[in-house]
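A quick write-up on the structure given underneath.
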Amino acid sequence: MLQRRPATEEDKAFLKKLNRDVYESVVIEQFGAWDDAFQDEHFERKWAVQEYQIVEHDGLRVGAIWISKEIDHLWLRELQISPCHQNQGLGTKLLTTTIDEAARSSLPLQLRVLIANRAKALYERLGFSVIGMHENTHYWMQHRSSPRRSKGGKDQKCE
């Protein structure tokens, strides 16, 4: 079972390692190198905001997510699943839950993804489309959330 909880100071080392595990190969592919000093500084800036949630599966930390509410949309700033837990449907389940949260808030869900990141295919499969570019390094993507139907196939009627 997937659960989310606020990140604490005790999670910082886990998040820093997760950040490297998830991004190092794609950063090298896209930019040609991984600069430890730059990446450490970038991580510290993100950590300072402290809006991460730790994703746990059966009590084990498997990833992290960071969602912020903007004026006219929800912004999925980070969705990281540890490489040893990828390709098990955890990212899909987490993303589907996030899409449902956006639908309930009546706000579109947006994200940025590095051009070289294979996660773009997952986002497209789940209904995101490219709406622009950011600094020629990232795709801006958006999912126009709509309420999902219950398993019974009928919407509940409100009276």
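The figures follow:
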item	result
Alpha-carbon radius of gyration plus Dmax, which is the widest Cα pair, for the range 2-143 in Å	14.6, 41
Protection proxy ranking, peptides 55-68, 31-44, 122-135, average beta carbon neighbours within 10 Å, highest first	55-68, 122-135, 31-44
Hz values of 3J(HN,Hα) by residue in the range 58-72 - Karplus curve (6.51, -1.76, 1.60), Gly and Pro given as x	6, x, 9, 6, 10, x, 8, 9, 9, 10, 10, 8, 9, 4, 10
Under-5 Å amide H pairs with GLU78, H placed in peptide plane, nonlocal only	TRP66
Span from the the range 81-140 Cα centroid across to the the range 11-31 one, whole angstrom	17 Å
Lysine pair count for the chain [Cα-Cα under 20 Å; pairs on different chains or 8 or more apart]	6
MRE, 222 nm, helices only [DSSP H, n ≥ 4, -39500 (n - 2.57), over the chain, to nearest 500]	-11500 deg cm²/dmol
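No lab work stands behind these numbers, since they all come straight from the coordinates. Just so it is clear, the structure is predicted and the values come from calculations on it, not from any experiment. In this analysis, Cβ positions are derived from the backbone assuming ideal geometry, glycine residues included, and neighbour counts consider all displayed protein chains.
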